[in-house]
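Following: one structure in structure tokens, then a few remarks.
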Amino acid sequence: MSRAVSSSSFWSRLPGWVGSGARAAGGAARGLTGELPVRLSSRDYARGNTNAVRELGFDQPLVWVVVGLLCWGMVMVYSASVALPDNPRFGNYAQHHFLLRHAFAILTGAVTALIAFQVPVDKWEKWSPWMFGAALLLLALVLVPFIGKGVNGARRWISLGVMNFQPSELAKLAVLMYASGYMVRKMEMKEHFFRAVTPMGVAVGLVGVLLLAEPDMGAFMVVAVIAMGILFLGGVNAKMFFLIAGVLVAAFGAMIASSPWRRERVFAYLDPFSEDHALGKGYQLSHSLIAIGRGEVFGVGLGGSVEKLHWLPEAHTDFLLAVIGEEFGLVGVLVLIMTFLWLTRRIMYIGRQAVVLDKVFAGLVAQGVGLWMGFQAFINIGVNLGALPTKGLTLPLMSYGGSAILMNLVAIAVVLRIDHENRKLMHGGRV
């Protein structure tokens, strides 16, 4: 009798259990397909699962490190430029002039980066030849009188009213995109070195001719390293790659040897404190080393730099690290170096991840951005520390310079987009 009662109780409760279970399952499934996915193929289920994947976002530590560098850079630009209005050359400027322009460049770059992040990577691949053509056109236009703006004997900027745009910064990103797309299109020829490299060499050579006409040898060095790095990462023959790298180094050496003022810079770098160089080509480097020496281990404190008071030229641009070294000491310089090492490694990792997911173009682009940021930071830090000859390259994401900040942020946005698509693919989504 008791067994019959318990049996009838079980059957009476079963519909409620099944109904509540079905409602719970249905509620979870409706967010995906509107019904239980019991008869969906894996491809259809993945297509329905994209809402959950979208929530994965992007590499937040990378974003916060970039934000930290931008904020630190803005503080240091203000510290390094606050005394410039005392100089008759900048007498018409307010003390916060460079701070406001730098903040405007960061704001413009952030908005542009948000737009760039919305663009799928395959669109960048389709647009890469057009970007390269646009960069060539702007590099040619900057050499035209009344279009290009000259500063200190170099014609590198085009005035846009609200800011001066430097086409060489666009050329870095354009060559990076073009080289990545080229390697994907010519993947079957990568073992035939000359067939694979010659067209890319002609393209980079054309950019180099236009950059050297400005002149801007520093930008050409960065462009050459980006292009060569992407060719190497794309899998071209290693022996021939190192051969052509040697030829490139020899070419840069010949350019330095044939130019008296470049040659003087090298001699000044070897002995900046000599009587012949201390007030000439070695002036910037000698005062950069004095600033870093004054900082010792912990620095003289924020705002306490003496070298920025009209002793060290371009303290807010190419020699910002010297002011950081003076005000934050060895500790500040080491923190900065480790931050750029982490940034470069993180970007390269995102690129390797994309290659593993068979997104070769995306992988090469991300690794190219890593090379760009890492190599340019290496050159700038080396120049400020006296380890390399003086070269006019800014510290990425930190030094004053509107177009440099703008293109740095766009490049970082493209990397974040690549990471975003990587995450979607790894969780069964589609891009």
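Worth pointing out:
- Pairs from 172/239; 123/149; 123/186 whose Cα-Cα separation, in the structure shown, is over 30 Å: 123/149
- Selection of GluC sites (Glu not before Pro), segment 231-313, meeting DSSP coil and at most 15 other Cβ within 10 Å: 275, 296
- The spacing between segment 401-418 and segment 314-338, judged by their C-alpha centroids, is 22 Å.
All of the numbers you see were taken from the coordinates with simple rules; none came from a lab. Note that the coordinates shown come from a computational prediction; the quantities given were computed from them, not determined experimentally. Backbone-built Cβ (ideal geometry, glycine too); neighbour counts: all protein chains shown.
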